[in-house]
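The values are calculated or read from the model by the stated rules, or taken from the named source; none is laboratory data. Treat the numbers as computed from the prediction; the structure is a model and nothing was measured. Note that each Cβ is placed from the backbone with ideal geometry, even for glycine, and that neighbours are counted across all protein chains shown. These area figures cover heavy atoms from the full protein model, side chains too; ligands, DNA and RNA do not enter into them. Shrake-Rupley method; radii C 1.70, N 1.55, O 1.52, S 1.80 Å.
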Amino acid sequence: MLEHLITHDHDLRMVPTDRNELTTSVGRLHEELRALPDGTDPARARLLTRWIGIGHLCLGHHEEACTFLRQSLDLATETGNTRAVVATGLNLADAHRYAGGVRTADALYRSALDTARTRHPELLDFALQHTGKHLMERGDLAQARTHLQEALRLRIAKGDSELIESTQAALDRVELLLDRP
């Protein structure tokens, strides 16, 4: 939905490729969400609130990101969509991490990682990647390396070069930090 407007900065955090265009696109998603008629499939509201939250996260609006991502996570939970619970839980964890809420982020990452391991192994590489970046930022470099190495093995098995590059960049960053005196 907004992927084409999002990249990663030197700290490997999501940021807009075009701030004005992302702001406009998030505004359009807000309008679509407000216009949803009663009785609409909750999956549409879940999807919209998730992407609005991700857009706010990239724009640096952490409180708004947490609000919309929490709504999306609640909808995913209510409808029993555990794949969406994992994905949105990771996004909400990122929002708390970006806002400095380390404890809340940690709990959300662990929950998403546990659910991915037990119920959705196809999402495990994503959960490991997000958790690894969280661990790196909080200074737990050995655990970050372990998580990212596992993510890299899974991504190599998937054969997705973009995902492999993303994980390798995170691993390179961890190795750089480990090599610093």
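Screening the stretch 102-181 for helices (runs of 4 or more DSSP H) wholly inside it with 1 or more residues that are within 18 Å of the chain's Cα centre (by Cα) and either of a type in the set (Ser, Thr, Tyr) or on the phi > 0 side of the Ramachandran plot (or both) returns the ranges 102-119, 124-137, 161-179. In summary, Gly27 fulfils each of the numbered conditions (1) at pLDDT below 95; (2) in a helix (DSSP H, G or I) with the single exception of condition (1). Reported count of residues in the stretch 124-160, each being farther than 20 Å from Tyr109 by Cα and open to solvent by 70 Å² or more (accessible area, probe 1.4 Å), is 3.
Among the residues of the stretch 170-180, the ones that are surrounded by fewer than 15 Cβ atoms within 10 Å (Cβ to Cβ) and of a type in the set (A, V, I, L, M) come to 3 in all.
Kindly evaluate Ala95 against the criterion of being outside the structural domain of Leu163 (by the TED database) and assigned to a helix (DSSP H, G or I). So Ala95 passes the test.
Count of the stretch 100-123 residues, restricted to those that are aliphatic (A, V, I, L, M) and open to solvent by less than 10 Å² (accessible area, probe 1.4 Å), is 3.
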